[in-house]
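Coordinate-derived values only; no laboratory data. Computed from a predicted model, the values in this text were never measured in an experiment. Don't worry about glycine lacking a Cβ; one is built from the backbone with ideal geometry, like all the others, and counts go over all protein chains shown.
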Amino acid sequence: MLTKTTAYYDASLQNDASARKLILAIGEEEWICIVKDPEQHSVLGFEFFEKEKNTAGWNDIFPELQAQSTLLRGKYRDSECWFLDKEALPIPADRFSVTAAESYLDLLYGENAGAELRYEEAVPGIMLAYRIPRKLHELITRQTILYSPHHIYQVFAKDILQGEIQQPVLRVHLLKHRMLVAVRANGQLQLLQTFVYTGWEDILYHLVHLAEKFSFDRIQSVLQVSGEMEPGSQLHLQLQPLFGLIDFTTIETDGVFQTHTDQPAHRFTLFQKLAV
């Protein structure tokens, strides 16, 4: 079953879409559509879809998605897609090769004949190797113009390395059943990984384990959170004694995110960054 949980539209969407950019973000259970005006640097449309866990893949229910999506009906001159799949791995650039990347991914996640290997620079000195579903990749290629695929870890890695914060930082974005995590310590990117969870206790366990693994100081360390965690929730209260600062990460909003404020400002931060 497919559900459109959030839909924000600017009135100007009724005009010609050819000069605009379509941005997609696709995970196991979520599909996000963003339409951006490149000249005005503003978001004109945002849709968030969720499908039930362990149901048909996106390529099988794409007709249903098209029927429900207002943004997918336009013809855009440029489009890009950010995959949220967990089968991704950062590799030091001086050790990177396509053969090594394939071997590492096979070792960690098993062989996957239905996936296509992609790779790109995450940040200087670190390459990112990842798999995307081949049939879905081909489907998006047929449906869009000048389509370029990427992995969301690239945004996550650049995000955590920005700024002047010297303390260890643990950056988290919570999806419905998965948690994207990046760790910065000693001024360097130490971890990019996705964890699966069923309840807040699982999230707490993973974050406590990571804080201990990287020797986070409870006074100096920073936890940056976006996505599904709410301020004042049981999880938030349990985490407060473990980190010196818990920051619900937001960015300056524009376009439809300024006119629609029904969701907490930090919920869509990761996807808003795709349109910056």
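Return the subset of Lys51/Lys86; Lys53/Lys158; Lys53/Lys75; Lys4/Lys135; Lys21/Lys53 for which the Cα-Cα distance in this structure is over 26 Å, preserving the input order.
Lys53/Lys158; Lys53/Lys75; Lys21/Lys53
Would you mind counting up the charge near Thr269? Only other residues with Cβ under 15 Å from its Cβ, with Lys and Arg at +1 and Asp and Glu at -1.
Summing Lys and Arg as +1 and Asp and Glu as -1 gives -3.
Kindly provide the helix-only [θ] at 222 nm of the chain, computed as the sum of -39,500 (n - 2.57) over DSSP H runs of four or more divided by all residues, to the nearest 500 deg cm²/dmol?
-7000 deg cm²/dmol
Return the distance in nm (one decimal) between the two label points of a simple spin-label model at Asp60 and Thr261, each offset 7 Å from Cα along Cα→Cβ.
With each label point 7 Å from Cα toward Cβ, the separation is 4.3 nm.
Can you find, among Ile203, Met179, Phe248, the residue sitting farthest towards the positive end of the charge dipole of the chain, where Lys and Arg contribute +1 and Asp and Glu -1 at Cβ?
Result: Met179, furthest along the dipole toward the positive end.
Calculate the length of the line joining the C-alpha centroid of the stretch 94-138 to that of the stretch 188-235, in whole Å.
The stretch 94-138 and the stretch 188-235 have Cα centres spaced 26 Å from each other.
Over the chain, consider all pairs of different Cα atoms and compute the Kirkwood hydrodynamic radius from their mean reciprocal separation; express it in Å, one decimal.
19.7
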